[in-house]
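First up is the structure itself, then whatever we jot down about it.
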Amino acid sequence: MSCVLPFASGEHSLLAGTILRSEGNRLLVQCPSGTVRACRAASCLLQPETHDSVLLAVPDNGAAWVLAVLVRHGERAVLDLPAHSTLRADSMTLDGKRISCAAESLAMEAGHLSIKGGVLSFSGRLLLHQFQHVCTAARNVWEYCRRRESTCDERREQTRGLAQSSAGRMRITAETSWRVRTECADVQAREHMLLNAGHIKIG
């Protein structure tokens, strides 16, 4: 496929040019010797934009390839990778004031995963997490939800200090038995209290 418009081939096969128009991987480049219709090479991971200065390769077969972006015209940059790409390194760091990740599906797998931040925010329609063991260590935990449901085979909670619960209405239902054991119990009702059972034993 010939990618070159009226262009006088010189002694050099590497030229510097300016992007006039960008349509995906097909580029129109202005060179000192003419205007070239070129394609983005696989080595050019930075997507060229209009008015960018690029390095152009023109081999003897008449094709033209943009090898790299030399100077960006603007501050915006896009890394255009193939459909199936892998970033591999012994150590990798993403450093920025703001980093956004958008994907239809995101999978993270690691032997040890650590997420630290001043504020961590998770939002979505459904949050699913499955672990063999969960350990939460925090000075203060605050949760707000319109409705909360949980199901577990066995549940144990231990509070060293004060455990306090408040609700507009509270209902406790146990299928077999409900036991409360304490050294001192204080049960108060402002209006009335109803104890209804087949057998009641006090003392």
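The values are calculated or read from the model by the stated rules, or taken from the named source; none is laboratory data. Since the structure is predicted, the reported quantities are computational estimates derived from the model, not experimental observations. Every residue, glycine as well, gets a Cβ built from its backbone with ideal geometry; the counts of neighbours run over all protein chains shown. Keep in mind that these areas ignore ligands, DNA and RNA; they rest on the heavy atoms of the full protein, side chains included. Shrake-Rupley method; radii C 1.70, N 1.55, O 1.52, S 1.80 Å.
Worth pointing out:
- Test: residue in the range 154-162 that is open to solvent by less than 100 Å² (accessible area, probe 1.4 Å), at pLDDT 85 or above and either more than 38 Å from the chain's Cα centre (by Cα) or closer than 30 Å to Arg125 by Cβ (or both): no
- Candidate set: the range 57-78, residues that are assigned to a strand (DSSP E or B) and either at pLDDT below 90 or within 37 Å of the chain's Cα centre (by Cα) (or both); chosen: the one farthest from Arg40 (Cα to Cα): Val71
- Residue in the range 124-135 that is aromatic (Phe, Trp, Tyr) and modelled with pLDDT under 85 present: yes
- The range 34-48, residues that are assigned to a loop (DSSP other than H, G, I, E, B) and open to solvent by 50 Å² or more (accessible area, probe 1.4 Å): Ala42, Ser43, Leu45
- Single condition Arg76 does not satisfy, out of (1) surrounded by fewer than 13 Cβ atoms within 10 Å (Cβ to Cβ); (2) touching a strand residue (DSSP E or B) at 6+ places or on another chain (Cβ under 6 Å): (2)
- Some residue of the range 80-92 being under 13 Å from Ile19 (Cβ atoms), open to solvent by 40 Å² or more (accessible area, probe 1.4 Å) and either in contact (Cβ under 8 Å) with a residue 24 or more places away in the chain or of a type in the set (A, V, I, L, M, F, W, C) (or both): no
- Cβ pairs under 6 Å, 6+ apart, first in the range 21-33 and open to solvent by 70 Å² or more (accessible area, probe 1.4 Å), second among the basic types (Lys, Arg): Asn25/Arg40
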